[in-house]
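> Next up is a structure, given as structure tokens.
The values are calculated or read from the model by the stated rules, or taken from the named source; none is laboratory data. None of the values given here were measured: they were computed from a predicted structure. With ideal geometry, Cβ positions are generated from the backbone for all residues, glycine too; neighbour counts draw on all protein chains shown. Heads up: the accessible areas ignore ligands, DNA and RNA and are worked out on the full protein's heavy atoms, side chains in. Shrake-Rupley method; radii C 1.70, N 1.55, O 1.52, S 1.80 Å.
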Amino acid sequence: MDPINALGEVSVDVLACGPAPSRRCPPRNSLATAGRPPVTLVVDRHDDKRFTHAALAAHHPSAGRFVVHPTVAPRSRFLWQDILHTLGQDTRARSAGSQPMDEQHRTVHTTLSRRPRCRITVLRTHRLGEGLWADLIHLHLTTNAELTLLHHGEPGEGLAHLLRHCDHRTITDYTAMLRLHPPRPARPAPDPV
């Protein structure tokens with residue numbers, strides 16, 4: 001039951017319904033975000049580097065736009081620290097090995113709950129397991145963060161199952177990606193002396 005436990009009481013029904021739609025499935029969008037944009041899934045089926053470059057160019061913390069480039073590690077154990085670091089939190093005092101992942105997730109949740117509304121784009125989500133996907137969707141549902149998840153490749157059955165119950169939109173073309181991730185404005189040139 002771990003993969004969807006973070007999503008609350010509907011989790012048992014989501015898990016019980018299985019990968020194919022059935023009568024046991026809770027209603028579509030039972031994990032909806034009322035009054036807020038849905039989770040955005042950007043599917044980059046051909047691993048086009050322009051998608052990643054567009055997201056990175058949109059990183060603009062003072063405008064509330066953060067782009068997380070996760071550390072490659074087994075089971076993505078550094079994801080929560082990567083998010084905290086991107087948000088400007090000092091993570092040097094805590095190592096991923098000394099803090100359990102659920103405690104790291106709680107720290108991210110608390111940090112995002114205290115911030116004004118922001119957009120967080122997480123790159124490389126094709127490397128995340130279903131449990132971390134569920135945790136990210138939980139952050140979207142319960143904090144002021146609007147999530148965009150960049151997935152390189154075709155989403156698998158497990159992710160499709162989770163998204164079937166989640167209020168989400170899917171973007172597959174580069175032009176839509178650019179509209180969602182406008183580049184950070186260029187800094188004005190310094191005045192000549």
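> Could you list all residues from segment 65-77 that are closer than 23 Å to H181 by Cβ and either small (G, A, S) or at pLDDT 85 or above (or both)?
Answer for segment 65-77, where residues must be closer than 23 Å to H181 by Cβ and either small (G, A, S) or at pLDDT 85 or above (or both): R65, F66, V67, V68, H69, P70, S76.
> I've got another one for you. I need a count of the residues in segment 130-152 that are open to solvent by 20 Å² or more (accessible area, probe 1.4 Å) and in a loop (DSSP other than H, G, I, E, B).
1
> Since T175 meets every condition but one in (1) open to solvent by less than 80 Å² (accessible area, probe 1.4 Å); (2) modelled with pLDDT of 90 or more; (3) not charged (D, E, K, R), which condition does it not meet?
(1)
> Being open to solvent by 70 Å² or more (accessible area, probe 1.4 Å) and at negative phi narrows it down to one residue among R164, R115, R119, R127; which is it?
R127
> Further question on the same structure: If we scan segment 172-187, do we find a residue that is assigned to a strand (DSSP E or B) and more than 25 Å from T107 (Cβ to Cβ)?
Within segment 172-187, not a single residue is assigned to a strand (DSSP E or B) and more than 25 Å from T107 (Cβ to Cβ).
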